[in-house]
Amino acid sequence: MKRNGIFFWIGAVLFLAAALLMTQVVTNQYPFFAGYVILQFMVLSVAWSILGGYAGYVNFGTSAFFGIGVYTAVFLVKAFGAPLPVQIVVAAAIGALMGFALGLLTLRMQGIFFSIATIALTIVIETTITNWRYVGGAAGIQIQRPAVTEPFPSYVQMLFFVQALLVVLAIAISRYIQNSWIGRGLQSLRDDELAAECTGVPTLRLKLVACVISGALMCAAGAPAAMYLQYADPSSAFNLNYSVSVLAMSLIGGTAHWAGPVIGAILLGTTQQLLTVTISSEVNVLILGVMLVLFVVGAPEGIIGLVRKLRGHGGGRRA
Amino acid sequence: LFSFDLLQDALVIGVLLGCFYAAVSLGLSVAFGLLDVPHVAHPAFLVLASYAVYFLNEHFGIDPLLAGLLITPLFFMFGLIAYRLYYETFEKRGTDAGVRGIAFFFGIAFIIEVLIILQFGVDQRSVTADYVGKAWRIGDMRIPFRLLVAFAVAAALTILLTLYLSRTFMGRAIRAVAQDQEALRLMGANPIRIKQWAFGLATAVLGIAGALLIIVAPVEPTLDRTYIGRTFCVVVMAGLGSMTGTLVAGIILGVAETIVLTLFGASWAPAISFGMLLCVLAVRPQGLFGRLS
């Protein structure tokens, strides 16, 4: 356990160092454009799994959190010209509040009702933003990137590194939760909420914690996207594709371990980037749907489950 | 801004539209309300049916309603296969059907959406028939024929399905399986066969519902996303599995949508069904005509 922790942090530092080195050495902009999207999906999938994987509440509102993150940044830039770190922190705070509200929803609904409610929430928020003239309404809004910040050669390269930082943060939180009593509590309420409550697991508090953390991370991941695209409009910021992509990445990777969503996001994110360039974005969505169905039917525990089966021991091992 | 005439118009159109909403939700009312299948792909099947009707209408000049009737057997088979797949992979294993069942149907919905885009493109499509585009004038009020046709067919469909579920042997069996599957098994009946039949029926109804959808307004491949809100709103508000409730809930949604549309404009339209759905889930999860479980 202790040794694992050291390995984990060495890995994290190496990953960040590599990302930083890449921004200094590679001059071609494309790897950063593509890499940014993959990193963004890594944060979203890891954040989603904190609620969806450990606690078993299927949140289809990923796009709501992502979109609110985008629009928090848009609003802050337009109103105060706020710098990127402020955008991300405020987005995380709003995401935490939204997560709290979502946590209260779990009091009354479970299973498909919770999922449907999260879709409903997404559409209601999207419609509100669409009717809010100040942030551009349905037509969307253009945003100017500020001047380049040293030591990064371009703004996209900086965003790439910032998103890499968020990835490490998200994974560290998810890993901590998995190995602490919070994770065990969440897993117990996923298996049987009533039984968990009866044996003294504080289910409501745990669900609220999971929702708040998951929501804050998703919104934080969305905030830099405004600057990345230099443009925001409601129908793409709140697109249901984000929700389904993140769900697919998490389930394909496997939700039993923090590494699952990371693997899923890298695998699917990379495939999507390649397909978008080589074929078309429609085929992209088709592959997403087909992979989701195949994995859910054929390998319900995802890649993590497949690996465990190959190694020949059941679940329950911790890293 | 507000006038009695406007309200009257909104009410009439709302009721007509509401019956149409009930018709497109009937299948989900059976699949989700009675059989507890988290059928999020229902609206995607609906849009698929609309495109099938469009295809028959465009290439062979078949009347949309007749085309809808023609594709029902196909959709019935489709439903049988879909339920069998769902049962074999999720219900039978009993493993975590909640999470993965929803993901499964979402995946299917996405696949259908993209296949439609690849085949027909992203443009809006509509059908041609004598009653599309004409209107009936009563005084100052103008009622489009297409809404009247949709209303009549929707009402007939709802009544037929209600009668089927309450009067016929198979219909009663479907309601029995919704109440207590184990009891049915003990009586020597096969609940899975009955559920499969019911799911087939729920999907078959979509053939005609899809025809109504494309008669009422032009369709586009991603239309199913809006109808997730409408259909689930109607079914949950109705109380799971209640056919009369489906009709009443459909009319409530239709009237609410038309009134908001007249008062605040079309940009708020998508929020109404989803907003009502949220309210119903939060305040009265068992719906208007629901049985408490």
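Structural remarks
- Some residue of the stretch B:173-191 being in contact with a Ser or Thr (Cβ under 9 Å, 6 or more places away or on another chain) and more than 15 Å from B:S25 (Cβ to Cβ): yes
Condition check ((1) basic (K, R); (2) surrounded by fewer than 18 Cβ atoms within 10 Å (Cβ to Cβ); (3) at pLDDT 90 or above) across all residues:
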| position | (1), (2), (3) |
| --- | --- |
| B:D5 | no, yes, no |
| B:G14 | no, no, no |
| B:H39 | no, no, no |
| B:F45 | no, no, yes |
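- Of the residues making up the stretch A:46-62, just one is part of a helix (DSSP H, G or I), among the aromatic types (F, W, Y) and modelled with pLDDT under 90, namely A:Y54.
- Yes/no for B:E113 being within 12 Å of chain A (Cβ to nearest Cβ), of a type in the set (D, E, K, R) and under 29 Å from A:A248 (Cα atoms): yes
- For B:A31, the conditions (1) farther than 20 Å from B:L223 by Cβ; (2) of a type in the set (A, V, I, L, M); (3) touching a helix residue (DSSP H, G or I) at 6+ places or on another chain (Cβ under 7 Å); (4) in a helix (DSSP H, G or I) all hold with the exception of (1).
- Whichever residue in the stretch B:156-171 is hydroxyl-bearing (S, T, Y) and assigned to a helix (DSSP H, G or I) and, among such residues, is surrounded by the most Cβ atoms within 10 Å (Cβ to Cβ): B:T158
- Counting only helices (runs of 4 or more DSSP H) that fall entirely inside the stretch B:209-293 and contain at least 2 residues that are within 17 Å of B:G33 (Cα to Cα), aromatic (F, W, Y) and within 14 Å of chain A (Cβ to nearest Cβ), the qualifying elements are B:224-238.
- B:D180 meets all of the listed conditions (1) of a type outside the set (S, T, N, Q); (2) under 18 Å from B:F20 (Cα atoms); (3) without any contact (Cβ under 8 Å) to a residue 40 or more places away in the chain but one, namely (2).
- Enumeration of residues in the stretch A:298-319 that are touching an Asp or Glu at 6+ places or on another chain (Cβ under 9 Å), modelled with pLDDT of 80 or more and crowded, with 16+ Cβ neighbours inside 10 Å: A:R308
- Residue selection: A:T255 fails the criterion of being surrounded by fewer than 24 Cβ atoms within 10 Å (Cβ to Cβ) and either among the polar types (S, T, N, Q) or out of contact with any strand residue (DSSP E or B) (no Cβ under 6 Å at 6 or more places or on another chain) (or both).
Let's see how each residue does on (1) within 30 Å of A:Y155 (Cα to Cα); (2) buried (at least 24 other Cβ atoms within 10 Å of the Cβ); (3) among the hydrophobic types (A, V, I, L, M, F, W, C):
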site: A:Q24; (1), (2), (3): yes, no, no
site: A:L51; (1), (2), (3): no, yes, yes
site: A:F60; (1), (2), (3): no, yes, yes
site: A:A64; (1), (2), (3): yes, yes, yes
site: A:G69; (1), (2), (3): yes, yes, no
site: A:V89; (1), (2), (3): yes, no, yes
site: A:A120; (1), (2), (3): no, yes, yes
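- For A:A147, the conditions (1) within 21 Å of the chain's Cα centre (by Cα); (2) among the small types (G, A, S); (3) not in a helix (DSSP H, G or I) all hold with the exception of (1).
- Just one of the listed residues (B:R142, B:R100) is more than 12 Å from chain A (Cβ to nearest Cβ), of a type in the set (D, E, K, R) and outside any loop (DSSP other than H, G, I, E, B), and it is B:R142.
- Filter result (more than 8 Å from every other protein chain (Cβ to nearest Cβ) and assigned to a helix (DSSP H, G or I)) within the stretch A:275-290: A:L275, A:T276, A:V277, A:T278, A:S281, A:N284, A:I287
- Taking the listed residues B:V127, B:V153, the one that is outside any helix (DSSP H, G or I), in contact (Cβ under 8 Å) with a residue 12 or more places away in the chain and crowded, with 20+ Cβ neighbours inside 10 Å is B:V127, with no other qualifying.
- Meets criteria (among the aliphatic types (A, V, I, L, M) and either in contact (Cβ under 8 Å) with a residue 40 or more places away in the chain or surrounded by fewer than 18 Cβ atoms within 10 Å (Cβ to Cβ) (or both)) for B:A271: no
- Across the stretch B:192-244, the number of residues qualifying as at pLDDT 90 or above, surrounded by fewer than 24 Cβ atoms within 10 Å (Cβ to Cβ) and out of contact with any helix residue (DSSP H, G or I) (no Cβ under 6 Å at 6 or more places or on another chain) comes to 1.
- Answer from A:F65, A:F113 - the residue that is in a helix (DSSP H, G or I) and either within 14 Å of chain B (Cβ to nearest Cβ) or at positive phi (or both): A:F113
- Among residues of the stretch A:252-308, those that are closer than 20 Å to A:I173 by Cβ and among the hydrophobic types (A, V, I, L, M, F, W, C), counted: 8
- Among the residues here, B:G107 qualifies as surrounded by 17 or more Cβ atoms within 10 Å (Cβ to Cβ), in contact with a Gly (Cβ under 7 Å, 6 or more places away or on another chain), at pLDDT below 90 and closer than 18 Å to B:T222 by Cα.
- For the residues A:G264, A:G298, the requirement of being in contact (Cβ under 8 Å) with a residue 60 or more places away in the chain and either in contact with a Ser or Thr (Cβ under 9 Å, 6 or more places away or on another chain) or within 11 Å of another protein chain (Cβ to nearest Cβ) (or both) singles out A:G264.
- Any hit, the stretch A:25-45, residues being in a helix (DSSP H, G or I) and over 30 Å from A:V244 (Cα atoms): yes
- Restricting the stretch B:47-97 to residues that are assigned to a helix (DSSP H, G or I) and of a type in the set (G, A, S) leaves a set whose member that is surrounded by the most Cβ atoms within 10 Å (Cβ to Cβ) is B:S50.
The values are calculated or read from the model by the stated rules, or taken from the named source; none is laboratory data. All values reported here derive from a predicted model rather than from experimental measurement. Positions of Cβ are backbone-derived with ideal geometry, glycine not excepted, and every protein chain shown enters the neighbour counts.
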